[in-house]
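J.: One structure, pasted below without further comment.
Bear in mind these aren't lab numbers, they're just calculated from the coordinates by the rules spelled out. Note that this is a predicted model, so its numbers are computed, not measured. Here the Cβ positions follow ideal geometry from the backbone for every residue, glycine too, while neighbour counts run over all protein chains shown.
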Amino acid sequence: MINSFKEALGQGGYGSLYKGELKHDGYFVAVKMMNESNLNVGDFINDLATIGKTNHVNVVSFLGFCTEGTKRALVYEFMPNGSLESFIYNDPMR
């Protein structure tokens, strides 16, 4: 699932974030690979339902998800200018 993810964007409590590219149209996305030990299937489905309902101009868009065996990934729109956190804390490398 993550073989083509060469560019890591960050690390969080629930997993690692990578820059990815959709093969069919070249659209860049941010893919969060969930830590396998942190989330059971029921929690993952509940989180998907909550994330899918979230829509705000200041929040990145949730595009979809992928599962492969015990691996789970969330796919978001890619923000080329970095995260809001990097601007708040004035750290362009975040």
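J.: With θ taken as phi - 60° and the coefficients 6.51, -1.76 and 1.60, list the Karplus ³J(HN,Hα) couplings across the stretch 42-58 in order, rounded to whole Hz; mark glycine and proline as x.
T.: x, 5, 4, 5, 5, 5, 4, 5, 5, 4, x, 8, 7, 8, 8, 4, 9
J.: While we're here: Long-range amide H contacts for VAL29: which residues qualify at under 5 Å (H placed 1.01 Å from N, peptide plane, sequence gap of 5 or more or a different chain)?
T.: GLY20, GLU21, LEU22
J.: What is the distance, in nm, between label points placed 7 Å from the Cα along the Cα-to-Cβ direction at VAL57 and at HIS24?
T.: The modelled label-to-label distance comes out at 3.1 nm.
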